[in-house]
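Written out below as structure tokens is the structure these notes cover.
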Amino acid sequence: MIIERLRGTLLQLESTVKNIPDEKLSVKKDGKWSVKEVVGHLFDLEELWNGRINDFLEHKQTLRAADMSNAKTTAANHNSKPIDELLKQFIDARNKLITRVNDLDEATASLTALHPRLQTPMRLIDSLFFVAEHDDHELTKIRRLIQA
């Protein structure tokens, strides 16, 4: 089921931004990210998600921390890129993540490490649920930005 949620983000994202003028996708309001920046942020985080999978597989006690300042997204200048390019980057990266976790056995999916910010043990499968929840949060932001 979690694989379908991770895959579903791709379909939802594409259908949400298709046929929206590029200039609308670049609009920033009240100092917040534009749609393109949120899409870029989703791509930027794929490195973290994959790194955390590595942490589980390497039996690390604590998962690598996220950069809560989102410096990577801020520096990337996603608004300068066409939405099709941003979508392709994210789709390619997400498909690689899905391929990595698609056939996890129960023992691997149950590997545990401490989440650094939440300070709670988390299984690998829980971390994938966390990714899907983050995706939903960002998709909601995108929909609100488009409707505004």
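Laboratory data are not the source of any read-out in this text; all were calculated from the coordinates shown. Source: prediction; values computed, not measured. Using ideal geometry, Cβ is built from the backbone for each residue, glycine included, and neighbour counts are taken over all protein chains shown.
Entry note, the chain: relative contact order of 36 percent, from Cα contacts under 8 Å with a spacing of 6+ residues.
Multiplying each eigenvalue of the alpha-carbon gyration tensor of the chain by 5 and taking the square root yields semi-axes of 29, 16, 12 Å, largest first, rounded to whole angstroms. Here the range 29-73 and the range 80-148 have alpha carbon centers that stand 9 Å from each other. Diffusion of the range 2-78 by Stokes-Einstein, at 10 °C in a medium of 1.306 mPa s and with Rh set to the Kirkwood radius over alpha-carbon pairs, works out to 110 µm²/s.
Working from Cα pairs under 8 Å separated by at least six residues, relative contact order for the range 76-148 is 15 percent. Straight-line cross-link reach from Lys32 at under 22 Å between alpha-carbon atoms covers these lysines, not counting any fewer than eight positions away in the same chain: Lys18, Lys24, Lys72, Lys81, Lys141. Think of it as helices only: each DSSP H run of n ≥ 4 in the chain is worth -39500 (n - 2.57), and spread over all residues that comes to -21000 deg cm²/dmol at 222 nm. Oblate is the label for the range 60-125. Its Cα gyration tensor axes, ordered a ≥ b ≥ c, give a/c of at least 1.5 and b/c at or above a/b. Global dimensions of the range 36-91 from alpha-carbon coordinates: Rg and Dmax equal 13.1, 40 Å. Once each of the trypsin sites (Lys or Arg not before Pro) sitting in a DSSP loop with at most 16 other beta-carbon atoms within 10 Å is removed, the chain keeps 65-116 as its longest stretch. Net charge of the neighbourhood of Ile2, taken over other residues with C-beta under 12 Å away and scored Lys/Arg +1, Asp/Glu -1, is -1.
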